[in-house]
1. Please find, within segment 279-298, the residue that is nearest to residue 183 (Cα to Cα) out of those that are touching a residue at least 40 places away in the same chain (Cβ under 8 Å) and open to solvent by less than 10 Å² (accessible area, probe 1.4 Å).
2. Taking segment 713-732 as the region of interest, how many residues are more than 23 Å from residue 664 (Cα to Cα) and either open to solvent by less than 60 Å² (accessible area, probe 1.4 Å) or in contact with an Asp or Glu (Cβ under 9 Å, 6 or more places away or on another chain) (or both)?
3. Going by the structure shown, is residue 464 more than 30 Å from residue 163 (Cα to Cα), in contact with a helix residue (DSSP H, G or I) (Cβ under 7 Å, 6 or more places away or on another chain) and surrounded by 16 or more Cβ atoms within 10 Å (Cβ to Cβ)?
4. Output the strands (runs of 3 or more DSSP E) that fall wholly within segment 315-389 and possess 2 or more residues being open to solvent by 20 Å² or more (accessible area, probe 1.4 Å) and either touching a helix residue (DSSP H, G or I) at 6+ places or on another chain (Cβ under 6 Å) or modelled with pLDDT under 85 (or both), or say none.
5. Return a yes/no flag: does segment 502-521 have any residue that is in contact with a Ser or Thr (Cβ under 9 Å, 6 or more places away or on another chain), closer than 30 Å to residue 51 by Cα, of a type in the set (A, V, I, L, M, F, W, C) and open to solvent by less than 50 Å² (accessible area, probe 1.4 Å).
6. If I filter segment 198-234 down to residues being assigned to a loop (DSSP other than H, G, I, E, B), out of contact with any helix residue (DSSP H, G or I) (no Cβ under 6 Å at 6 or more places or on another chain) and among the charged types (D, E, K, R), which single residue comes out as nearest to residue 31 (Cα to Cα)?
Amino acid sequence: MNKRAILPILISLLLLISGTSLAQNLKGFVYDKASGESVMFANIVIKEKNRGTTTDENGFYSFRDLEVGAYTIECSFVGYQTVSKKIDIKKGTNTLNIFLEEDNNVLSQVDVVEKTVDRKTETTVSTIKITPIEIKRMPSIGGQADLAQYLQVLPGVVFTGDQGGQLYIRGGTPVQNLVLLDGMTIYAPFHSIGFTSVFDTEIIKSADVFTAGFGAEYGGRLSSVMDIKTKDGNRKRLAGKLSMNTFGAQLTLQGPLGSTKNGLAGSSFVLSGKKSYIDQTSKNLYKYAVRDGEDNIPFAYTDIYGKLSLVMPSGTKASFYGFNFQDEVNYSTQTNFDWDAFGIGSNLIAVIPSSLVVLQLDVAYSSFDMNEVNRELVNGQYENGPPKTSHIDEFKFNFNVKKNISEEKTLRVGVNVALANTDFFFTRKNLAKFELTDNNTYAGGYLKYKYASGVWVVEPSVRLSYYTELSEALIEPRMALKYNISDAFRLKASGGLYSQNLLAANNGRQVVNLFNGFASSPVDVPKQFLGENVNSNLQKAWHGVVGAEFDLNENLTIDLEGFTKDFYQLVNINFDKIPASVIGQDFQAYQFKDFIYEKGNAIGADLSVKYSKPRYNFGLTYSISKVLFENEEIKYHPHFDRRHNLNLTGSYFVDKEKTFSIDGRFNYGSGFPFAQILGNNPNGINLDPPFTDYVKVNGEKISYYDAPDSGRLPSYLRFDLSATKKFQLTKRQKLEINLTVTNILNRNNIFYYDKVNNRRIDQLPIFPSLGVNWSF
């Protein structure tokens, strides 16, 4: 790696770690008194100085350059009682941890429109901070709230279907989305049946989605980031939730371990497991939704996650966690598909004594295996076609340092290393075998500075990325800023350069595509693209975002953003590669390569409106976008290019006690592009000697297609509605009964067209579910 380029980052790390101050400083953590969980984004104010700050994602806060003397520290957070603490500031660094108690007399978090993060002190460009409470307001199967359902209503997010659906974020493909769970890479965040993700909402502490223009702390992806962090577990008592419905079951447990101090244990655990059984219940309850020729709705999954946390009195915390996620689909007339994901990791968050520096160290290992065998109709019988397999494993090491220079200034520095291996195998149309095994070693470092005054919030950052197998280094500058015109009106912008080595091991032009394997470090690539020499095998993109925020009153907020993503160099597998043995024909050089180049551009605008009152809230998101790709042969709109996407969401408490709620979601999406069939040819009929008995043999239908975007599918329309009744059994025990109806209008939303059997295949029809949740 370029030592001169990484040297400034290493020097900055050393200075931050060793930095101490002779001035009087104050630091500490804010915790939930009932569970011991750290509280993010709580407000901390020094009354005598009229100085304020907020806790970070770890619940940490700090003040510096205080005079020796007595001060009153006030801490407040929505849903908690305000706490005032007296402290005598002495020379050096002082520590004050604060514990907050819930306040049942104030509005609950469900009534709050705005996130607890102060929109005036954060750039929040293309950033969506999701809380578990918001996820639970979305209609979900049997009352099992799931992140997958909530993500579908976010501005700029396109979802391709209920079965095998994938998320496409502002023109980016799934392989260009970085998904992290406690620092571990998740390669398949959503199950094949599109209602569910691998994440248990009950253990999610925070979920940050960056749809474009994200900062330099994230690297190795071109389009977006989803950063999910889990709870540490209840440090006071055993708690949990058991959910069962007609779709599947879920159990979550959390509690303390070891001795307690001030009512809280020094360690805790979280354990979560969920299992589907719709492949069994569909035989009776959802028989009407089963496709012709099938016995059931053949989706099955199992998700297990565990975490152990050790918390020191100083606030230093060590966590150990692991997961195993499994998915399986078995259509007897279509495909046999499965994947298995596994990961283990550890995390250390340490506060340096006599300093305001916070260190974070992540070490993780994850692996992912995917297999698919498509069914082919041969002489009237379905037989297994050639298999496709994909394997990836990755070891990650992240070291990050954060220093609060003042309440207005923050500096972050980090180093990231990832050692990965990808293995991909499939058989091309011409029966030629394709196997690619390669490494994807990545090293990066970043610097990020934040300055938040009363008017400006500025976050410049820079990342150095180095890809060992490609022998390529890239400096990636990035910037985010906000200008507070007034307390109610703000302008914002962000942008930057992004790179990626990982690529999708699938045909991106297929609408129905369960298989989403991975490849990396392409070598057999063309030397030219569109007549110009290419000297890099690295995938690259520029982002640009501008927007505005309006707080019309305390109940109504409006967010408007325009964006562009210029994917000016992409690499894809050449699924139509011509064997080198073919000679004497007029072929281009790129047609003989394992990989081909493409480029693309996404441009659009997103509108988000939120309105909230104590007993009801309403949300609207509308997106308009255009995505255009180009390769050596054609320009085309990819299959996820949805021009218009509208989501309306609402939640209403029928009674004042808020024990009975009704939640709804309406989604409209304009039609996706698809390739129209120009004609068919009965391959296998021989009209020359030896002749085929065409009276008895039909041959195999071979279709000839127009351009990938020659047609548009019908529009997508779905309305979901749910009703939930809560019963307080004891002080700590609660029972919920939920009835949800998905696609209540019974709309026939097209999934794909089965040309073999000459029939249209639709998404799931009206789909009711009944569920019971017991919390304790």
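1. Once the filter is applied, the top-ranked residue is 297.
2. 1
3. yes
4. Of the strands (runs of 3 or more DSSP E) lying wholly inside segment 315-389, those with at least 2 residues that are open to solvent by 20 Å² or more (accessible area, probe 1.4 Å) and either touching a helix residue (DSSP H, G or I) at 6+ places or on another chain (Cβ under 6 Å) or modelled with pLDDT under 85 (or both) span 357-378.
5. There is no residue in segment 502-521 that is in contact with a Ser or Thr (Cβ under 9 Å, 6 or more places away or on another chain), closer than 30 Å to residue 51 by Cα, of a type in the set (A, V, I, L, M, F, W, C) and open to solvent by less than 50 Å² (accessible area, probe 1.4 Å).
6. Selected residue: 232.
Let's see how each residue does on (1) of a type in the set (Gly, Ala, Ser); (2) in a loop (DSSP other than H, G, I, E, B); (3) at pLDDT 90 or above; (4) surrounded by fewer than 18 Cβ atoms within 10 Å (Cβ to Cβ):
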| residue | (1), (2), (3), (4) |
| --- | --- |
| 424 | no, no, no, no |
| 434 | no, no, no, yes |
| 447 | no, no, yes, no |
| 460 | no, no, yes, yes |
| 494 | yes, no, yes, no |
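Each row is one residue, and each column tells you yes or no for (1) in a strand (DSSP E or B); (2) in contact with an Asp or Glu (Cβ under 9 Å, 6 or more places away or on another chain); (3) aliphatic (A, V, I, L, M).
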site	(1), (2), (3)
537	no, yes, no
559	yes, yes, no
568	yes, no, no
581	no, no, no
591	no, yes, no
625	yes, yes, no
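The values are calculated or read from the model by the stated rules, or taken from the named source; none is laboratory data. Small disclaimer: the values here were computed from a predicted structure and weren't measured. Every residue, glycine as well, gets a Cβ built from its backbone with ideal geometry; the counts of neighbours run over all protein chains shown. The protein model used for the area step is the full one, side chains on, heavy atoms only, and it has no ligands, DNA or RNA in it. Shrake-Rupley method; radii C 1.70, N 1.55, O 1.52, S 1.80 Å.
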